[in-house]
Structure formats: C-alpha cells, structure tokens
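For reference, the structure is listed below as structure tokens.
Only the coordinates and a few stated rules stand behind these numbers; no lab work does. Bear in mind that the values here come from a model prediction, so they are computed numbers and not experimental data. With ideal geometry, Cβ positions are generated from the backbone for all residues, glycine too; neighbour counts draw on all protein chains shown.
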Amino acid sequence: MFHSYDASGFYDEMLTQNGPKKHYTPFYEQILKLTHTELYEKHKAAQSSFLRQGITFTVYGEEGGTERTMPFDFIPIIIPADTWQTVEAGMKQRVEALNAFLHDVYHEQKIIEAGIVPRELVEQNPYYYKQVDGVSVPLNNHIFLAGIDLIRDEEGNYCVLEDNLRNPSGMSYVYQNRFAMRKTYPEFFHNYSIETLDKNLAKMQQALLSHRPQQLPEQQEAFAVLLTAGVYNSAYYDHVFLAKEMNIPLVEGRDLTVIDDIVYLKTIRGLQRVDIIYRRIDDDYLDPEVFLAESMLGVPHIMNAYKAGNVAILNAVGNGVADDKAMYIYVPDMIRFYLNEEPIIQNVKTYRLDDEETRNWVLERLDELVIKNVGASGGYDMLIGPHATPALREKFREKILEAPHQYIAQPTIKLSRAPAYQDGRFYPCHIDLRVFVVRGEETSILPGGLSRVALKEGSLVVNSSQGGGGKDTWILKEAKVHA
Amino acid sequence: MLSRVADSLYWLGRYAERVETNAHMTTSQLENMLEHHTPHIDTFWKTLLDICGYQDDFHTRYEQPTTEDILYYLVSDQQNFNSVAALIDSIRFNAKNARNCIPNGLWEEWNTFYLAMMQQPLTQPYTVLKTTEFLTQLRRTALTATGTIDSLMTRDEGFQFIKIGKWIERSEKTALILLRMLEQQDTLTTDTTMATTLQLTNALEEYARRFRSRKSEDIIQFLVSDSKCSRSVTYGIRKIKRTVLDIEQETLQPHSEDLLFALDELEALLQQNAHNMTVAERKEWVATIHTKCMHLGPIFSKTYYLTVPMLVE
C-alpha cells in the first residue's frame, strides 16, 4: 500500500525509508490487514457522518456562505509521551508569559520600560485597546483559551508558528475527529494506550466558572454564557459544541442587554443576570458604543459592565496586541523577562521589515522566504516564495515597500509530513498542530490538539478554508505500546 | 430558557407540522387528480393553494397556471415561504439556532433530509410517482423527528415550546381547511366537500372507523369538537392549555392571563353545537374559530417575550 510513498526529503511523522517508526508499527500493521475497498468504504462513512451531523464551517464567497466539512484523514498523528511532556511544558510556559505580557501592557508596561518590546509596536498595534488600560480582570487572567500552532522542522523539532489568543477555534474538531476514529476505525486502537479527551471539557467548564467577576458575591454561583455571532458564523459548530459540553446557554448579542452596568439575558421569564461571558466574537464587535458603531453582533454598554467588574469577558478584551505576527518575535524575550526561564519550544526565525538593512536582505530573497501580513490569519495575504509566481513576488515586493511594518519574513521551513489517505491512495502531506491551552485557577492542556493537514499535494497551507483537513492526534501513555 | 431559543423551538414545531400537513395534502390531491373530472381539479387545486400558500401571490406570477406550475409553487419555489423547500430551510435554520437544546438525532434527521434535497432536488416534470415518493419521504422524516422529540427530549420548556408550536399550527390548519372547504359548498357537492375535508385534515380513516354518518354537521362537529381525535381543533387547544399550565406550574400568573383567557374563550366557542346552526351560521362559526386560532400565536409570543418569526435569509 505504501510502495509508491516517498518518505524522503522531509521529516515524516510515521515512516522512514525503511518502514514505519516504532510508535507507528501497530497502526501500520493494522492498515495492511485492510483491503482498498474496506479503506474506501470507511473513508466514505466517516466523511458523510461529519456532513450529517452538521459538523461544518462556513466559507464565504460570492454567493454568501457555503457550508463545508473539514475533510477527515484517518491516519492519526501519534506522539510519544516524553515528546508530549516537553510540548506541554513549553505551551504552559509560553502562555503564562503571554498572559504576563498582556497584564503588563495594560498596566505598568514594565517590558517597554525595560526596552525589550518597542513602545511603538504596542501603541501602533491596531489590537491594542487603550479603552481597557488599567482594567483588572478576574484571576489576572487574560487568556482563558489559547490555540498555539506548532510545526516540526526537518529534524523533527517542534517550533511555534503562531499564537492565537483571541478566539482560537477548532477544539470541537479535536473531539469529533476522535469520535469519528473510534466509530469508523476502532480496530486501529488495538495495542495502543492513549490519553483520553473525556475529562478536559469538565476542566474547561471549571476553568471558565473560576473567572468570577469582582462584584459577584462569594456565595453566589456564577452564571456563564457563550456569546456567538450566530448560525452564519464560520465557527458556529465549534460554539454549539462548547456551549453544549460546558452546559452553558449559547447566546447572541441580541439576547443580552445592559442595565445599570449589569448584563442580563433575555429569557422567557424575563431578565437573568449574567456573570461570565465566553465570547466568540472579536473585540471590535463587542460593544457598538465603544468599538465599531455599526456592529450588530455586540451588546451596547457591555464594556461599562466589564470595567465595573460586574461581568467577566473571556478571553479578555485587547488580547490581539500579544498575538500578531510582529509581536510573536518578542515572545521568547517575554519568557525570559517575566519567568526568568529559557523558552522550551522555540520560535521560527522571523524578520521584521521596518529595518532597512533587513528589508533589503529579505527583498533580495523573496524566492526563498515566506512573507506574512502581521494582522492576517487563515493563510491569507501570505507569500510562499519558492511556490509563488514572479508576478506574485513582485506584488509582495510592492506591498512590503508600501507598508514594511505590516509584514514579516520567515525562512521556508521544510514542514514535517505524514501520510494521508484520499482518493484511494496514500501520499505525504504537510501538517501542523494546534495545541489548546485552557487557563483558569489551574492550567490544563488538551492532550494532543488539532492536527491539520494540507491535503493538496505539496501545499503548505493547512487552513480549513483553503483545502486543509484534520487528523486525530494520539498522545501515548507512557510505556504502553506493545510494538 | 433564552427567548430567542424558545422562539426557534416554537417555530421548529410549527414549521415541522406545517410541512408534514402540506405534504400530506399535496399527496392526497395528486391521488384525487387521477380520478376526478377536470373542472373539479381546478377548484381543488385553488383551495389547496389557499391553504398551503398564497393564492394572490401565485396568480400574480402565473397567469394561466398548469398543474406543473402549481406543484412547483407548492414544492420547490423558494419565493413561496410555505413551499416544502422553503419550510425545510426554515426548519433546519431553527433547529440549528437551537442546536444546543435539542437532541442530536432531531437535528440529524432534518439535516439529512435537507442535504438529500440539496443533492437531488425534486425537479420538473413533477410526475405523480416521483412527487409522491419525495413527499412520502418527507413525511417519514417529519414523523421520525416527532418520534425523536417524544422519546429523547427532556420534558422541560424546550419540549413544551415545540409542542405548543405544533398544536397551534395544527388547530389553525384544521380550522382553515374546514373553512376553505365550506366556502366551496356552492361549487362542489356536500359529499365531496366533506370527504375532501376529512382527507385533507388526515382524519378520514379515523372518522370512518368511529362514525357512520356522512352528514356535514356531524363531520364539522367532529373536526371542531371531538376530544379524542388528534386532528380536531378542540384536541389541539386542550393540549396547548395543558402545556401552558405546566409551564406556569398550575398557577395563574399575571403575564399569562391574556393567553389563558384566550384559550378559555376559544374552548367555550368550540363546544357549541353545530347541529343547531344553519349552513351560513356554521360557516360563520368556523370562520370565528379560525380567526381566534390565528390570534393565539401572537398572544403566545407576547406572553413569553418571543421575537419576530424567523425566516431564512
């Protein structure tokens, strides 16, 4: 089945030129027991179950939104226990430092005073909101849920590609990929002992409810809701899943109202006070009185309630200042500054382009580098030099010269690969991993996370909106593989 | 419960009932069409258009409608808010809107039908066989969805709102069918009118099993006042009243006063004796019942702070 599979040239998660790696051997042997017809049937059953259950995201195009499923690939990313322990420690450390930075940037700004992060990078950042300067948030925690995107280089070392500290989505897919795997491919679990995901939603609920707003009386139980932009939002399924699993109402802006700095939910029996809002709409849309006046998604005066300590908003307002691609460069320094530790998981080498010398160096190498817009995500406004046409490279040259501070450059990393099975054959595809970090009174990390795969052969873009798919991620329990 | 979600559940109940009834009536009419004379078909189709959609809207768009046009309008036309296709969209939208309060199975049932309809929509020509097969599949979906609600849902406010939506829709529809058929009494024979009424309300089998009389006043009384027939107006209104009292935990609350008053008033009206009325009085009586049924929805919405009806964009 794998005779035409090329495992050379890149770090492959599963295979070497001489066969499967040790922790993939039982899985590999199981594949060989199935016929192509069986694999095809299972593949079809798994895909259609996603569609039937409405586990979809919306892609916006010319004719409004189209619902699509994220294609599921059954070959999981299997991570040995000791490797995962390092990743886990690295993620805890990174998000801890990022949270310390957010707190600092909206209070004393020690890191700016110390000359580590340039002042203009904070103050000119479109996601830095002066409106929340000095606002205290419950537990001093700005990051309830972080999604940190990791890649592996050609030696298999994990590096951080991107931090998502605003509204990272995709957690529901981690669960649904596992459910699909358990239901359609149960035989593959044979001879493996892996970390379950079952307890993490309860931990997430607990973490959510631990963000008690200042004014909430001690003995009173906190009432939380999940604020969504509604059924047409691209991540609506994610919202439905999390609300259901955390047992909190899924609400829209029009379901909430603010009276005397207190947020209320409109119920069939009148108004009910809300203490914690896990919002999945961006800062700009939260309060039309403070941010975008035309926002129909938000709740007028909600920021007053937030500032008065009557309601907790998670993730906190203003997190965007810490997770854009320009600030990313300084995260290792944040770890050193706030925690006095060395980063456990490294960044990808990144160049800022506002320095002329660096910029010229980068412009001479547009055919080798990756260029990204510091404020964009989802694989948009990005140049992958070696794959781009001369015309596109020229377009990016102009863009960079026009707004150098808006772009960063990174070397083209030989992203690791793993086999994918689509259209009746196995072929190598590039992958990344979004790790979910949940913070409350305690910090927990979802074992594994969302492995995203660029299903188009040779493509480096894993985003679901651009043809990416998902894989289950298995974290092995220590010394339990009978390979 | 969140007002917006309660609203979606209420409309989910209404639209599911409406699409099932419309599918049933269209199927019945397709069967009738095979045997009846041509002039009758026109009357029947017109009545059906009145019940399922909007007669005026239809005629502004089709000057000399064919049966194909009528079927397209009733089944596939997205501009007709009450066509099967538009109702399925609305049902799915409302189910999606309330997804975290309904069983997965209920969402999947409607979503599966929706996906199949998108993949293989019913297209012209609308042959009897093909159309009947499509509508039968739809009715099966509706019935399975009802079964899922009954067997899997917690008996909380969510369940109660779906049920109230269903019973308001059904009571209103029975009254409307009866009224529209009574309006045809000058064109059709009484026998045909009454047989068709029973057929369209899906009560023919039950009536034939329980009663022998074919007198119109008996049939009218049955469809209005029978306490055992689940298609009668009385049955629906009693169900609504029972459910509202459950929601209010048997106590009369100021906010639900108007609703309970309207239900009491309607219940009294439904118990009048059709046998003591002239033909014209009976028609007037049914018209009043229909109007009062129509008013129930807005009163209910006001009582529980529901939002305006949700239509698919």
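Restricting the calculation to Cα atoms, chain B yields a radius of gyration followed by a Dmax of 19.3, 56 Å.
Dipole magnitude for the protein assembly as shown: computed about the Cα centre from +1 point charges on Lys and Arg Cβ and -1 point charges on Asp and Glu Cβ, it is near 2020 debye. Note on A:HIS3 and A:ASP82: their simple-model spin labels are 3.7 nm apart, each label 7 Å out from Cα toward Cβ. Ranked by how many other Cβ atoms sit within 10 Å of their own Cβ, fewest first, the residues A:CYS159, B:CYS101, B:CYS52 fall in the order A:CYS159, B:CYS101, B:CYS52. The residue among B:THR190, B:LEU252, B:PHE211 whose Cα reaches farthest toward the positive pole of the charge dipole of the stretch B:171-255, with charges on the beta-carbon of Lys, Arg, Asp and Glu, is B:PHE211. Axis angle, to the nearest 10 degrees, between helix A:81-105 and the longest C-alpha principal axis of chain A: 30 degrees. A straight chain from B:GLU63 to B:ARG210 at 0.36 nm per residue would run longer than the Cα-Cα distance by 48.6 nm. Rounded to the nearest 20, the size of the Cβ-charge dipole of the stretch A:349-411 about its Cα centre is 220 debye, with Lys and Arg at +1 and Asp and Glu at -1. When B:SER8, A:SER193, A:SER8 are arranged by Cβ crowding within 10 Å, least crowded first, meaning fewest neighbours, the order is A:SER8, A:SER193, B:SER8.
Please rank A:HIS23, A:HIS211, fewest neighbouring Cβ atoms within 10 Å first, as an exposure proxy.
Working: A:HIS23 19, A:HIS211 26.
Exposure proxy ranking, most exposed first: A:HIS23, A:HIS211.
What does DSSP give for chain A in terms of the percent of beta bridges that are antiparallel, rounded to the nearest 5?
On the way: 56 of 74 bridges.
In chain A, approximately 75 percent of DSSP beta bridges are antiparallel ones.
With 28 Å as the limit, write out which pairs from B:LYS163/B:LYS215; A:LYS307/A:LYS372; B:LYS166/B:LYS302; A:LYS130/A:LYS325 have Cα-Cα distances beyond it, or answer none. Display every interim value, and only then the final one.
Numbers: B:LYS163/B:LYS215 32 Å; A:LYS307/A:LYS372 35 Å; B:LYS166/B:LYS302 18 Å; A:LYS130/A:LYS325 20 Å.
From the list (B:LYS163/B:LYS215; A:LYS307/A:LYS372; B:LYS166/B:LYS302; A:LYS130/A:LYS325), the Cα-Cα distance tops 28 Å for B:LYS163/B:LYS215; A:LYS307/A:LYS372.
Around A:ASP287, with a cut-off of 11 angstrom between Cβ atoms, what is the net charge of the other residues, counting Lys and Arg +1 and Asp and Glu -1? Walk me through the numbers on the way to the answer.
Details: positive: A:ARG279, A:LYS307; negative: A:ASP283, A:ASP284, A:GLU289.
After counting each charged neighbour, the total is -1.
With r as the distance between the Cβ atoms of B:GLN249 and B:VAL279 and R0 = 45 Å, compute the FRET efficiency 1/(1 + (r/R0)^6) and round to 0.05. For B:VAL279 and B:GLN249, the calculated efficiency is 0.50.
Hey, with R₀ at 25 Å, roughly what FRET efficiency would B:ALA287 and B:ARG242 work out to, going by the Cβ-Cβ distance, to 0.05? Walk me through the intermediate numbers first.
Working: r = 26 Å, r/R0 = 1.05.
Once the sixth-power term is evaluated, E becomes 0.45.
Can you tell me the order of A:287-296, A:99-108 when each peptide is scored by its average per-residue count of other Cβ atoms within 10 angstrom, highest first? Intermediate values should be presented prior to the final figure.
Details: A:287-296: 16.0, A:99-108: 20.6.
The packing order, highest mean first, is A:99-108, A:287-296.
Quick one: check the C-alpha center-to-center distance for the stretch A:141-190 versus the stretch A:448-468, whole angstrom. Result: 12 Å between the Cα centres.
The distance between label points at A:GLN346 and A:TRP361 comes to 1.6 nm (points 7 Å beyond Cα on the Cα→Cβ vector).
Per residue of chain A, what 222 nm ellipticity follows from adding -39500 (n - 2.57) for every DSSP H run with n ≥ 4, rounded to the nearest 500? If you can, show how the numbers build up before the last one.
Details: 13 runs with 129 residues, N = 483.
-8000 deg cm²/dmol, from helical runs alone.
For chain A, the pair-distance distribution built from all alpha carbon pairs, in bins 10 Å wide starting at 0, is 4, 19, 29, 27, 16, 5, 0 percent.
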